[in-house]
């Protein structure tokens, strides 16, 4: 048993720290405290989500695995705000799934005894380094990623914006415009601000908005 609230919080911090250290030993990069990923290319990173649940008795790590696209995340957030940003959030998942989707029979990651932290942290890290990276690599291109984003688009939450941005980087401008028009018919309140700014990009004949090149995006600095 972990103990009182203060000790539980300290134990949670120890669990996350050990998991990040174990992931680093497998080649992942801790880009800020408690956050790690693995750059696969200049544009695509294997994304790691160490969601935690804290109780007085234990700490659960609820792991997610996915992909972070530098260009997509940079573009759609910049367009939505109407301002090109020199920094972006490296912690955003462009697409992710729960570990259970990949490994439904894997035991959960529940920590209640300090001596067990290192053992289970290493188990978690090895799964990320193998099955996790394999999954991320399998969708680490615009062509492979697009169907997954389209599947999530009806849920909103940034996915329609990511679909449009993905099509943009594939130079499929007509399809991007068609997709935006379709979303606007049913979700205008949600999508209008982004859609208006997106269609002002030069590739759509717009004369305003922000102008972003892939070269600009690759020079962006993560936060």
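A compact table of results
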item	result
Residue within segment 55-69 that is surrounded by 22 or more Cβ atoms within 10 Å (Cβ to Cβ), modelled with pLDDT of 95 or more, farther than 20 Å from residue 102 by Cα and within 13 Å of the chain's Cα centre (by Cα) present	yes
Subset tally (residues that are surrounded by fewer than 13 Cβ atoms within 10 Å (Cβ to Cβ) and at pLDDT 90 or above) for segment 78-107	4
Odd one out for residue 151 among (1) over 28 Å from residue 11 (Cβ atoms); (2) without any contact (Cβ under 8 Å) to a residue 40 or more places away in the chain; (3) crowded, with 17+ Cβ neighbours inside 10 Å	(3)
Residues of segment 154-171 that turn out to be more than 15 Å from residue 96 (Cβ to Cβ) and crowded, with 16+ Cβ neighbours inside 10 Å, as a count	9
Some residue of segment 12-21 being under 18 Å from the mean Cα position of the chain (by Cα), farther than 15 Å from residue 109 by Cα and at pLDDT 95 or above	no
Hey, residue 75 modelled with pLDDT of 95 or more, crowded, with 22+ Cβ neighbours inside 10 Å and under 18 Å from residue 150 (Cβ atoms) or not	no
Condition met for residue 80 (out of contact with any strand residue (DSSP E or B) (no Cβ under 7 Å at 6 or more places or on another chain) and either within 24 Å of residue 16 (Cβ to Cβ) or without any contact (Cβ under 8 Å) to a residue 60 or more places away in the chain (or both))	no
Flag for residue 128 being in contact (Cβ under 8 Å) with a residue 24 or more places away in the chain, within 18 Å of residue 48 (Cα to Cα) and either surrounded by fewer than 13 Cβ atoms within 10 Å (Cβ to Cβ) or not assigned by TED's automatic domain parsing to the domain that holds residue 58 (or both)	no
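The values are calculated or read from the model by the stated rules, or taken from the named source; none is laboratory data. Being a predicted model, the structure only gives us computed values, none of them experimental. Don't worry about glycine lacking a Cβ; one is built from the backbone with ideal geometry, like all the others, and counts go over all protein chains shown.
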